[in-house]
Amino acid sequence: MADTLYGYYRSSAAYRVRIALNLKGLSVTHVPLHLRQGAQHGPAYRAINPAGLVPWFVADGGPALGQSLAIIEYLEEAHPAPPLLPAGLAARAYAREIAHTIACDIHPLGNLRVLEKLSADYGETAQGRAAWNRHWMAAGLRAIEARLARTAGHFAIGDAPGLADLCIVPQLYNARRFGLDLSPYPRLAAVDAAARALPAFIAAAPENQPDHEEG
Ligand SMILES: N[C@@H](CCC(=O)N[C@@H](CS)C(=O)NCC(=O)O)C(=O)O
């Protein structure tokens, strides 16, 4: 049996895991869940993942787990080559710093359930939700742009794609969706463009997933 990844074409957290799998040359069975239609809340999926979020990864003969960064670290340890973390203690810490800025500081504030709660309980409009999302994206991206001044080569940390890039690309996809002006982040834009040209990133892109929908 193959490993399985529960995801959604537009989920940036699932997108990170798809890129990691592709960079490592691993194939999985993809199970799409339609988040906008609430498939993550149904009893069938809650029985699999009580958190009701994607990604959810089931390793054949191994663990079943959520949290994209935990899944990616599991893949890194289970399949060390090619590595997603750079050589060098400081470089690995910088890669994790960028990943955590995206996954821990930016992403949770723009997640679907948070945006829906802003409307349901506080009457926020679609425009207000988008502005909220852009605000928190800009705060995190500013910090990463400064970090890249010291670490970037062709990619975020030197010249090999890895953990930082596979977090940056999905986050910039979200930033574009929500109309964030990316001109203050030229280094991020350059890293994003370089990474998106790679086959592993192209195959993981939302528009190349079978459950992709226009709009
Ligand atoms: N920290 C988690 C975040 C997971 C998460 O929030 N996933 C989103 C999609 S990107 C989700 O499932 N949202 C469903 C919802 O908000 O109802 C991770 O990195 O895996």
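Some observations on this one:
- Here's how it looks for D3: its modeled amide H is under 5 Å from those of T29, D60, which are all 5 or more places away or on a different chain.
- Among R147, R177, R196, residue whose mean-square fluctuation peaks in a GNM of the chain (springs only between Cα atoms under 10 Å): R177
- Cα gyration tensor category, rounded, prolate or oblate, for the range 102-141 with a/c compared to 1.5: oblate
- Quick note on the chain: its Rg to Rh ratio, both from C-alpha atoms and Rh being the Kirkwood radius, is 0.95.
- Compactness relative to 2.2 N^0.38 Å, alpha carbon Rg of the range 25-134: 1.30
- Vicinal HN-Hα couplings computed from phi for the range 38-43 (Karplus, 6.51 cos²θ - 1.76 cosθ + 1.60; Hz; Gly/Pro x): x, 4, 6, 8, x, x
- Whole-percent pair-distance distribution, where bins are 10 Å wide, for the alpha carbons of the range 89-198: 15, 47, 27, 10, 2
- A simple spin-label model places the labels of E213 and A193 3.3 nm from each other, with each point 7 Å out along Cα-to-Cβ.
- Paramagnetic reach from H135 in the range 97-113 [backbone N under 16 Å; point 7 Å along Cα→Cβ]: 106-111
- Cβ-Cβ distance of A87 and R142, R₀ of 22 Å, FRET efficiency by 1/(1 + (r/R0)^6): the value works out to about 0.20.
- Sequentially through the range 68-76, phi angles give Karplus couplings (6.51, -1.76, 1.60; θ = phi - 60°) of 3, 5, 5, 5, 5, 5, 4, 4, 4 Hz, Gly and Pro residues having no value and appearing as x.
- Highest average packing first - 122-129, 135-142, 162-169, 187-194, Cβ atoms within 10 Å: 162-169, 187-194, 135-142, 122-129
- When shorter helices are ignored and each DSSP H run of at least 4 residues is given -39500 (n - 2.57), the per-residue value for the chain at 222 nm works out to -16000 deg cm²/dmol.
- Averaging the Cα positions of each part gives two centres, and for the range 12-82 and the range 199-215 these lie 16 Å apart.
- A simple rule links phi to the HN-Hα coupling: the Karplus curve 6.51 cos²θ - 1.76 cosθ + 1.60 with θ = phi - 60°, which for the range 81-98 gives 10, x, x, 9, 9, x, 6, x, 4, 5, 4, 5, 5, 5, 4, 5, 4, 5 Hz, with x for Gly and Pro.
- Annotation: amide H of A160 within the under-5 Å range of F155, sequence separation 5 or more or interchain, hydrogens built in the peptide plane.
Every number in this text was worked out from the coordinates using simple rules, so none of it is lab data. Just so we're clear, the structure is a prediction, and the values are computed from it rather than from any experiment. Don't worry about glycine lacking a Cβ; one is built from the backbone with ideal geometry, like all the others, and counts go over all protein chains shown.
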